[in-house]
Each structure stands twice: as C-alpha cells, then as structure tokens.
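Everything below concerns the one structure shown next.
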C-alpha cells in the first residue's frame, strides 16, 4: 500500500470492488462463523468412463469423420513434445517423463528428471524443444521444485521452475534449472517464440491472493519472457523500470494453461482458466495488462460475477471467452494438410464444462481474416474424457492427451472413408 491510498497504482475503490465481490463468495468477514465459509459448492464426483482401445471413429462438423488411434498407459499426462526421430515425449504430472514410439508407450520412465513436488495440481508441467534442437538436443520443461523450507506459506505446491536437459536418445542428461519463479500450486506452460525467447506462464488463483496478478513487482499471474539460459532479454517491456520485475512480458492473468505461436505473425496466444466462467484466449502484446482480477467475464464458484464491470480502460479484452467455463487446457493452431477444412483453426482442450463431470471435450474455433470468431465446434464429447493438451504433430495430425489417472495419447486422423463437405 502506498501513502496515496493505492496498491501498485490501483485505487481503494478498485480494490473495494474486488474484495466486496470476494466477500459475497467467501462470507462476510464481519459476521463471525463457527467454521470457514465455503468458496465453492460440493464437488460432483463422477469419474470418466474407461476409454475404448480404438481405433475410434467419430463424426464431426466440417471435417466429418475422424479416426482416433489410442495409446494407453499414461497417468495424468500434461504435455508432449515431438522428437525429430518420430518419438513423442510426454510429461506426466506426478513427475515422470515417458516416450511413445510408433504408437507404443515405453513401460519405463525416462531417467534424468530432478526431484519434483507433485502435490494437488502441481508436478511436472510443460515440455518444449529448443529451436536448435537438432544441434544442441536441449529439452526444456517446467516443474514444481520442492521448497527449501517445506510447509512454509505458499509452498505446498512447490516453486515453479524452468529447467533444461540434453536428450541423449534414451535419457535427459546435464539437467539444470535455468529460472525459478514463485512458490505456487498453479500451472506453468512454455513456448519458444520466433524470436528464440522462452515465454513462460506463472499462474495465480482467486482473491484475495489474486491481486498479486496486478503487482508488477511480483511474478504471480504473469507471462514471462526469458532468454534460453534464463536471463532477461534487454528489450523486455519493463527492463529498467523501478518497481517492475524485468522478466514480465504481460500481467493480469489467472491460471494460464496454453501457449501457442500464431503462424502468420508469430504473435504469442495464451489461454487461461477463469473460475466458474471467464476462460479466455488472449493475444499477448508486450507490457499489456489482461485484467485479472479487476476485469473478467467470469463468475466465482458460488455464482457471483467477478465484477459487474468486465471492461476497464487500460486493460485488454480477450479475443474469445467462455461462460460457463470449459476448464480450458492446451492450445494449438492447425497448419497441416491432413485436414484442409481445419486450416488456421485454433484447437483448445476442455476438461469439464460448467463444473459438470464427464463433459470434457476438444473445441475447434475458426476465424475470419481479421481473427474475428466465426464458429466453435465441440468435438470428442462422446468420449467423456478430460482433454489436457492438444498439439499438431510434424506429420500433420492432431494429438490430444486425456487428463485421467488412466490417461491416453490420441492421434486424430481423417477416417479412411472421410470426405470434406
């Protein structure tokens, strides 16, 4: 708090709006209660059904029939990376790195990972190959590092950390951390931009901690931009500005679960979870503020809107948003030739819609030439699986991961008899 009554540039009135909304969710502080007031309804527990062995043929809209080739045996897979030799590295959130070759999962985890704190929603997160992987064989990953002081405030999820190791064809060697952010139980995604820099997300949750997303001297609720050695690029938007962390590229994010490079311009697109509503896709611009928790189209888990004023000057609006939430996770642009009708479409995973189990699916979004949304198509809903990640493979097919204890990798292909409309 500054002497003029603001918090990092935000007025008392702005803070009052946020905290009043939160009070409506968590219960009025001035009314003593014998126990902590709930912040969400009781969860609906209804596990996803077993996934068929496949191949699975489904019908879709513009593409019509597709076929899913299924590789089972994964435990809460979170992300994947495609090796030049055709192998697919897969990160399992509980802290294991796996590999699939020719559709077959190697039963033995890959050696070389550091100690990982897999607790709650934390663990082994995202994977990305260095742009010069053919020369240096470097694999980058984010994970939750066990804190030096276990059990300390905010440490239950571990410290969100960016690391890298050299792939020797069978294991990761010479593994080392290159950047550590904050102790948090939120997710972290990474992508290499066309500029060769690493873009890394650091999530935050709901109020009152959510105001950290608006604090420019705090990495929570931010997208960071780093060199491949973890150092700060000199052209980052806040370099040399007092009171701002120089690693920050954008601020005002909740829990980002997808990053992708737009194929035409190279812009970084980000998708993030709202609470029960307000999932969104943003096109990132350096130094911009994307609003959380000051502006949002979402609702808290007990029903109240995050804010009655979802727009504010100086804060960016999302390109796409969802109410109710789909628990968005993973994002890719389709640029291949296997599905001509999907060219330049965006695909995102959804783990559950409106907090209802067995509602996970894959969404396809197409746009006009100004990136204005035209259609959304819900796909794979028949499987009743939580979709954690979606990527385009070098072979031009789409690959998705299911966020289940008995998780799977699925390759999406045109069915043999399929024809576009």
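Quick rundown of the values:
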{"item": "Flag for residue 394 being surrounded by fewer than 16 Cβ atoms within 10 Å (Cβ to Cβ) and under 19 Å from residue 262 (Cβ atoms)", "result": "yes"}
{"item": "Scope region 371-391; condition more than 19 Å from the chain's Cα centre (by Cα) and crowded, with 23+ Cβ neighbours inside 10 Å; matching residues", "result": "380, 383"}
{"item": "Members of region 294-307 found to be touching a helix residue (DSSP H, G or I) at 6+ places or on another chain (Cβ under 8 Å) and farther than 15 Å from residue 40 by Cβ, listed by number", "result": "294, 305, 307"}
{"item": "Only one of 247, 280, 272 that is buried (at least 22 other Cβ atoms within 10 Å of the Cβ), in contact with a strand residue (DSSP E or B) (Cβ under 9 Å, 6 or more places away or on another chain) and over 19 Å from residue 143 (Cα atoms)", "result": "280"}
{"item": "Scope region 217-229; condition surrounded by fewer than 20 Cβ atoms within 10 Å (Cβ to Cβ) and in contact (Cβ under 8 Å) with a residue 60 or more places away in the chain; matching residues", "result": "217, 228"}
{"item": "Some residue of region 398-405 being within 16 Å of residue 77 (Cα to Cα) and out of contact with any strand residue (DSSP E or B) (no Cβ under 7 Å at 6 or more places or on another chain)", "result": "yes"}
{"item": "Some residue of region 97-117 being within 23 Å of the chain's Cα centre (by Cα), buried (at least 20 other Cβ atoms within 10 Å of the Cβ), touching a residue at least 40 places away in the same chain (Cβ under 8 Å) and farther than 28 Å from residue 338 by Cβ", "result": "yes"}
{"item": "Elements of type strands (runs of 3 or more DSSP E) contained in region 334-401, each with 3 or more residues being within 21 Å of residue 190 (Cβ to Cβ)", "result": "346-350, 387-392"}
{"item": "Pair list, Cβ < 9 Å and 6+ apart or interchain, from region 150-163 residues that are surrounded by fewer than 23 Cβ atoms within 10 Å (Cβ to Cβ) to residues that are modelled with pLDDT under 65 and part of a strand (DSSP E or B)", "result": "none"}
{"item": "Residue in region 293-316 that is over 21 Å from residue 200 (Cα atoms), within 18 Å of the chain's Cα centre (by Cα) and not in a loop (DSSP other than H, G, I, E, B) present", "result": "no"}
{"item": "Residues that are more than 13 Å from residue 386 (Cα to Cα) and either free of Cβ contacts under 8 Å to residues at least 60 places away in the same chain or crowded, with 21+ Cβ neighbours inside 10 Å (or both), drawn from region 338-355", "result": "339, 342, 343, 345, 346, 347"}
{"item": "Unmet requirement for residue 358, which otherwise passes all of (1) surrounded by 15 or more Cβ atoms within 10 Å (Cβ to Cβ); (2) touching a strand residue (DSSP E or B) at 6+ places or on another chain (Cβ under 7 Å)", "result": "(2)"}
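The values are calculated or read from the model by the stated rules, or taken from the named source; none is laboratory data. This is a predicted model, so every value here is computed, not measured. Counting neighbours? That spans all protein chains shown, and the Cβs are built from the backbone with ideal geometry, glycine included.
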